[in-house]
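The values are calculated or read from the model by the stated rules, or taken from the named source; none is laboratory data. This is a predicted model, so every value here is computed, not measured. Every residue, glycine as well, gets a Cβ built from its backbone with ideal geometry; the counts of neighbours run over all protein chains shown.
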Amino acid sequence: MAARPPDVDPEVSGIDEARARRATPGSRASDRPSTTGSGERGQAHSLEAVVASMIVLAGVAFSLQMTAVTPLSASTSNQHLENQLQATGDGVLASAAASGDIERALLYWNGTASEFHNADNEDHYTTNLTETNFTEALDRTYGPRNIAYNVYLVYHTSNGETERQRLVFQGEPSDHAVSASRTVTLLDSDELRFANGTTTGTAIGNTSDFYAPDAGTGSGHRELYNHVRVEVVAWRI
């Protein structure tokens, strides 16, 4: 017959179990792993990432701002405007040369008064720009755009040097002025013009009252008188 286990006092048994639980490793608060240190480290890493991102974005913004105001941008803009002005001048000169308006303007000279007809500034024009089709075309092109311009007539002297006569003068050009030019050949037989635009019957080869001298050679009726370079200098005001 099996021996019956000894009776266990319930109160003693409960006390022993409580003691066993207290003695179990890791059961105390001080033995449990702490999560406070790892949490603080995670927050620190997150803050560093945010600060680093802000620094990068600030650097990009600063770089874009510096690019927007760089002198190269202004230079590019000025160059674009200068190219437009030069192209406009070339266009007006080409059209006026094809129609003969440039040549007629060159011959629109009052030999008696030694000036262009109805000149309003010594021997040339400043505001009275409707006297010739050529000067009127320039004023119609540049005037509404607040563009000032000068027109010089550069010719050869008998000793091979060059001089110039003003046709239009509106002031000293700025540093960003551009020029366009076209050369016109005058012959001995080309005639001066009256104020109404008609020919006077006086050939420039037969008068000494013209602003440009006879720099050609030979004695033929259709011989060269002079090469005149018509130069238009324009700038924004």
- Task: State whether one or more residues within the stretch 140-159 are within 20 Å of Gly216 (Cβ to Cβ) and touching a helix residue (DSSP H, G or I) at 6+ places or on another chain (Cβ under 7 Å).
- Result: yes
- Out of curiosity, is Phe169 in contact (Cβ under 8 Å) with a residue 24 or more places away in the chain and under 23 Å from Tyr225 (Cβ atoms)? no
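Residue by residue, here is whether (1) in contact with a Lys or Arg (Cβ under 7 Å, 6 or more places away or on another chain); (2) of a type in the set (Ser, Thr, Tyr); (3) surrounded by 17 or more Cβ atoms within 10 Å (Cβ to Cβ) holds:
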position: Leu153; (1), (2), (3): yes, no, yes
position: Thr157; (1), (2), (3): no, yes, no
position: Gln165; (1), (2), (3): no, no, yes
position: Ala180; (1), (2), (3): no, no, yes
position: Thr185; (1), (2), (3): no, yes, no
position: Asn206; (1), (2), (3): no, no, no
position: Tyr211; (1), (2), (3): no, yes, yes
position: Glu231; (1), (2), (3): no, no, yes
position: Trp235; (1), (2), (3): no, no, yes
- Exactly one of Asn83, Asn78, Asn121 is polar (S, T, N, Q) and modelled with pLDDT of 95 or more, and that one is Asn121
- Message: For Gly205, only one of the following conditions fails: (1) in contact with a Gly (Cβ under 7 Å, 6 or more places away or on another chain); (2) at pLDDT below 95; (3) under 18 Å from Arg104 (Cβ atoms). What is its number?
- Response: (1)
- Considering each residue of the stretch 141-182, count those that are under 20 Å from Leu85 (Cα atoms) and either part of a loop (DSSP other than H, G, I, E, B) or under 23 Å from the mean Cα position of the chain (by Cα) (or both), and give that number. 23
- Of all residues in the stretch 174-195, which are closer than 28 Å to Ala113 by Cα and not charged (D, E, K, R)? Ser181, Thr183, Val184, Thr185, Leu186, Leu187, Ser189, Leu192, Phe194, Ala195
- Can you work out which of the residues in the stretch 83-110 that are under 14 Å from Ala195 (Cα atoms) and part of a helix (DSSP H, G or I) is farthest from the chain's Cα centre (by Cα)? Arg104
- Of Arg140, Arg145, the only residue that is under 26 Å from Gly197 (Cα atoms) and either modelled with pLDDT of 95 or more or charged (D, E, K, R) (or both) is Arg140
- Matching option when the condition is closer than 15 Å to Arg104 by Cα and in contact (Cβ under 8 Å) with a residue 40 or more places away in the chain, among Leu187, Leu192: Leu192
